[in-house]
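Since the structure comes first, as structure tokens, the remarks are kept for the end.
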């Protein structure tokens, strides 16, 4: 298992890695709307989703893969009514339509509205 780290995404805010690589698989930790410098974007859900996706792109890149290599995502929303707004931004990044689960949760760290984690496969 190799820990993945990049300064182009926010540092983990707890005892975990931005991602881990096992063989040709990359498992990201959930990303919220933190900038790479650690500032939380207390903004609308679309703005937060864009930052989350940019963070995921950076972490995946550090691991040697791209958004298009993602095979599974999980989205956590504090308000299921944000589903359509998140989909709008998500679809711009994940146009290849990986498998996905979306779950409504009571709350997320830092008061985030959305968190996304993913699994990618590094191409040989």
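So for region 32-40 (the condition being part of a strand (DSSP E or B) and either out of contact with any strand residue (DSSP E or B) (no Cβ under 8 Å at 6 or more places or on another chain) or over 18 Å from residue 68 (Cβ atoms) (or both)), does at least one residue qualify? Looking through region 32-40, at least one residue is part of a strand (DSSP E or B) and either out of contact with any strand residue (DSSP E or B) (no Cβ under 8 Å at 6 or more places or on another chain) or over 18 Å from residue 68 (Cβ atoms) (or both). Considering only residues in region 98-113 that are in contact (Cβ under 8 Å) with a residue 40 or more places away in the chain and assigned to a loop (DSSP other than H, G, I, E, B), the one that is surrounded by the most Cβ atoms within 10 Å (Cβ to Cβ) turns out to be 113.
How about region 83-97: which of its residues are surrounded by fewer than 13 Cβ atoms within 10 Å (Cβ to Cβ) and outside any loop (DSSP other than H, G, I, E, B)? Reasoning before the result, please.
Residues of region 83-97 that are surrounded by fewer than 13 Cβ atoms within 10 Å (Cβ to Cβ), as a first pass: 84, 88, 91-92, 95-97.
Those that are surrounded by fewer than 13 Cβ atoms within 10 Å (Cβ to Cβ) and outside any loop (DSSP other than H, G, I, E, B): 84, 88, 91, 92.
Every test in (1) surrounded by 15 or more Cβ atoms within 10 Å (Cβ to Cβ); (2) assigned to a helix (DSSP H, G or I) is passed by residue 26 save one, and that test is (2).
Contact map, region 71-97: residues that are without any contact (Cβ under 8 Å) to a residue 24 or more places away in the chain paired with residues that are crowded, with 19+ Cβ neighbours inside 10 Å, Cβ distance under 7 Å, separation 6+ or inter-chain. Pairs shown: 83/77.
Residue-by-condition table, conditions (1) part of a helix (DSSP H, G or I); (2) touching a strand residue (DSSP E or B) at 6+ places or on another chain (Cβ under 7 Å); (3) buried (at least 17 other Cβ atoms within 10 Å of the Cβ):
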residue: 12; (1), (2), (3): no, no, no
residue: 20; (1), (2), (3): no, yes, no
residue: 42; (1), (2), (3): no, no, no
residue: 50; (1), (2), (3): yes, no, yes
residue: 59; (1), (2), (3): yes, yes, yes
residue: 62; (1), (2), (3): yes, yes, yes
residue: 68; (1), (2), (3): yes, no, no
residue: 81; (1), (2), (3): yes, no, no
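No lab work stands behind these numbers, since they all come straight from the coordinates. Note that the structure is a prediction, hence the values are computed from the model and not measured. Neighbour counts run over all protein chains shown; Cβ positions are idealised from the backbone, glycine included.
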